[in-house]
Each structure stands twice: as C-alpha cells, then as structure tokens.
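Comments concern the structure below.
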Amino acid sequence: MGGGPAGAILSLLLARAKIPVTLLEAHEDFDRDFRGDTIHPSVLEIMYELGLAERLHSLRHSKIHTATFMTPTGPITVADFRRLKTRFPYIMMLPQAEFLEFITEEAKRYENFRLVMGASVQELIKEDGMIRGVRYRAHDGWHEVRATLTVGADGRSSRVRRLAGFELVKTSPPMDVLWFRIERKAYDPEGVLARFGRGHALVMLDRLDQWQIAYVILKGTYQQIHAAGLGELRRSIAEMIPEMALRLDALQDWKQVSVLSVESSRVKQWYLPGLLLIGDAAHVMSPIGGVGINYAIQDAVAAANILSEPLKQHRVELSDLKRVQREREWPTRIIQKIQALAQEQVIAAALRSNQTLRLPFLARLLLKIPFLRNIPARIMAFGFRPVHVKKELQNA
Ligand SMILES: Cc1cc2nc3c(=O)[nH]c(=O)nc-3n(C[C@H](O)[C@H](O)[C@H](O)COP(=O)(O)OP(=O)(O)OC[C@H]3O[C@@H](n4cnc5c(N)ncnc54)[C@H](O)[C@@H]3O)c2cc1C
C-alpha cells in the first residue's frame, strides 16, 4: 500500500524477482503535495546497481554539491559531498512525481506487476490471526486484494499502522515549517539555499521553475505569525533573501502557505503475521537533513533482499519480518537522535534566542579536522549502514 518512494521501489524489486505484486496508491497521479525531491548518493548507488542510473540522469534535474547555510556572519558549510568516495558525489534534485513515474514505468515492464491508482486502502483482511490482504475503495467501488504479505508503505499518517494497532513512540520536535513557492529564475543558483537570519531560518529547494521554500518556525507559533499578517511574513523573508524580495509580492493569500507539523516517531514493532511496515509508515522522519526518502528506499531494498526468497515460496515467517526490522531499526533510531539534537541544539536554539545560527563547539571542531569533516556529508548521503541490492535482484 502506498506509491511513495518505499512502495514504488519495493514493488519494482519484487517485480524483478518475478513475484506477483500489486501496488495500491490512493492518489490518481504521483503529483502529490510536496514531499521532497532529493535523491541521495545511496539511492543513486541503488539505481546504478539496478542499471537505471544513466536513464534517471537523462531526466531534467539539478545537483547539490554542498550543504551551506548563509548567516549574517558568513557562510557555514556543514557538508561537502564532492569529497565523498562515491560515483555520485551530489544530491540529485528531481521532482518526486517524475522519480515515482520513472520507477513505476520500469516496474510495468514486468507482467507480474500491477499498479492501481486511485485505490484508497480502507480495511485489512484478518483471518486466523493473520493479515491476508486489504480492501480498498476506488472510483468504481470496493475491491479486495489477497496476498501472502501486505506491506504498509502508506506514509506518515499510515492508515495501515492505525488499523493494525501498532504502538507509536513519538518525540516532540520543537519546530514546524511553513511551505510556499516563489518563482525561480534561470540565473538563480541551483540546488538548495539555506539562510539563517536573527530568529528566522529559511531553506529553499530548487524545483527547476520554482523555489519550494521552507520557513522554519518554533512549534506552536503559527497563530502568532498568522495574526501578524502576510506583510510581516514577507518582510521577514525578504530580510533573508533581499535579492528575491520582489518575487515575494506574489504571496498574497494564506492559502498559498501550508503548515507542516514536523514530526518524528517510530513504531516499536514493524510487523505482525502477514504484515510489514516500511518507510514513513514505520518511522516518520523529520525533514532535517532531508533523509526521509533515502531511508524509505533503503527499507524497501532491505525488505526485498530479505523477503524475495520466502515470498517466492509463499511462506513469509515472522522471523523474516523481524530480520527486516533488525536491519533497519537501529540506523533509523540513530538518525532520529541526530536530527533531534540538531533541531534542539542548533535550530530551535537560534530561533528562540533571536540570534543567528551558531554550531556547537564540537560540531565546529569536527568540520575543521580533515579526516573527520566528511562525517556529516557521509551521514546525509548514506545514512547509517547503507543497503545494497543483493546480486540476484541486480541481475534479475
Ligand atoms: C513537506 C515535506 C517535505 C519533505 N522534504 C524531504 C526532502 O527534501 N528530502 C527527503 O528525503 N525527505 C523529505 N521529506 C520526508 C519524505 O517525504 C518521507 O520521508 C518519504 O516520502 C517517505 O516515503 P514513503 O514512501 O515511506 O511515504 P510517502 O512518500 O508519504 O508515500 C506514501 C504514499 O502512500 C499513499 N497512501 C496513503 N494512504 C493510503 C491509503 N489508505 N491507500 C493507498 N495509498 C495510500 C500516499 O498517497 C503516498 O503516495 C519531506 C516530508 C514532508 C512532509
């Protein structure tokens, strides 16, 4: 369930392994709300292993080579991907809808793959203590899919997670994000721009003809910002991007601004008999470092590596599902801990004190020592324990 990065990649890998797979996606197309356009080096390596990297690069995209924050006291580069040992030393920026279309088009080459768009999963089929499939509603009524294994890859508000009664461990990130778009001109810089003002922070993501802007606010302050008015919001943003101030005039209605409640959570157990959760359904990722897509795809690859053989034999044991969680849980927990630290110690600290961004002493030291300074770039690019497609699936 769910045609996001996790569901699309898992379906492709299982289809390549000749396993009958049905992918149910609630939306009619992949052009959903903005969910990030980043394709990290680890995912590019996976695309390379599948023989898809070259074709993916033929789609119109841009590249991010460094993660640099502009502050009133000068730039701070926290990650330089060019120094990493990888075939792809950059983050590729590609509209996610195009990435998902690319992956599902590739999966459609296998006749054992079926994609149903506009299929909203509503119920789990439970029999003899096992999940045996789902019931979904489409424009032509109710349908049922029965399966050896049901995978919930239905994102941060996962219905499957709720229906199955999984217990969620939540943390409380101290920030929320206001999202909106402005025009991007051909002469603008490429990739990502991150600006910190005094008490404000802004991240701008290159979407080719538009900038997707994340204006970071302290959790719970949206009402206050709304009450101060759009004019005040435009003024505060213009202070950070004076060169684009005129373009902010296009921001005339609060309807153009959506509020994202930043969340970070994970389920304690990722599986039940006949059911597995992966991606945001298993662990909602904070947008810090933009690693959610990366992690969702790595979950999918780990699941395909471990489960393709049991699935071929129509026998997926609880121990197989447990192995998927064992492989992916600790990398997720570590990255969530690092995100929590960055949110609290760096971003929220800067927003609360009305000061500009200042990295803690240890982080500044880390970025100065030659053999240590690549660590942040490596973590952003690969996460912990990057997953590779197993040989049998690479050659399928
Ligand atoms: C505003 C925002 C910006 C982000 N920016 C970035 C970024 O720059 N880089 C990054 O790496 N991560 C980013 N993330 C996080 C990233 O989007 C997620 O971590 C990632 O998309 C998770 O992938 P997924 O496949 O698990 O879930 P999703 O991408 O959420 O996909 C879930 C899919 O399931 C479908 N679905 C939901 N319910 C049902 C149902 N009942 N039946 C059928 N289908 C259903 C949805 O329509 C959706 O297509 C961002 C998140 C948000 C909210």
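For the reader, a short list of remarks on this structure follows.
- Candidates are the residues of the range 21-60 that are part of a loop (DSSP other than H, G, I, E, B) and hydrophobic (A, V, I, L, M, F, W, C); the one that is nearest to the ligand (Cβ to nearest atom) is Ala26.
- Output for the range 271-306, where each listed residue is in contact with a helix residue (DSSP H, G or I) (Cβ under 8 Å, 6 or more places away or on another chain) and more than 12 Å from the ligand (Cβ to nearest atom): Tyr271, Leu272, Pro273, Leu275, Leu276, Val301, Ala302, Ala304, Asn305, Ile306
- For Asp31, the conditions (1) under 21 Å from Trp179 (Cα atoms); (2) of a type in the set (D, E, K, R); (3) at pLDDT 90 or above are fulfilled apart from (3).
- The single condition from (1) within 16 Å of the ligand (Cβ to nearest atom); (2) not in a strand (DSSP E or B) that Lys18 fails is (1).
- Any hit, the range 41-52, residues being closer than 27 Å to Gln394 by Cβ, modelled with pLDDT of 95 or more and aromatic (Phe, Trp, Tyr): yes
- Condition check for Glu309 on (1) out of contact with any strand residue (DSSP E or B) (no Cβ under 7 Å at 6 or more places or on another chain); (2) within 15 Å of the ligand (Cβ to nearest atom): one failure, at (2).
- Qualifying residue in the range 79-87 (condition: closer than 18 Å to Leu193 by Cβ, outside any helix (DSSP H, G or I) and not assigned by TED's automatic domain parsing to the domain that holds Ala350): yes
- Residue check for Val192: more than 16 Å from the ligand (Cβ to nearest atom) and either over 30 Å from Arg60 (Cα atoms) or not assigned by TED's automatic domain parsing to the domain that holds Ile91 (or both): no
- Residue match in the range 189-207 (condition: at pLDDT 90 or above and over 28 Å from Asp29 (Cβ atoms)): no
- Residue in the range 273-284 that is assigned to a loop (DSSP other than H, G, I, E, B), touching a strand residue (DSSP E or B) at 6+ places or on another chain (Cβ under 9 Å), at pLDDT 95 or above and within 29 Å of Ser42 (Cβ to Cβ) present: yes
- Residues that are in contact (Cβ under 8 Å) with a residue 40 or more places away in the chain, charged (D, E, K, R) and away from the ligand (no atom under 16 Å from the Cβ) were ranked within the range 312-340; the one that is surrounded by the fewest Cβ atoms within 10 Å (Cβ to Cβ) is Arg315.
The values are calculated or read from the model by the stated rules, or taken from the named source; none is laboratory data. On a predicted model such as this, the values are computed, not experimentally measured, just so you know. Here the Cβ is made from the backbone with ideal geometry for all residues, glycine too, and neighbour counts use every protein chain on show.
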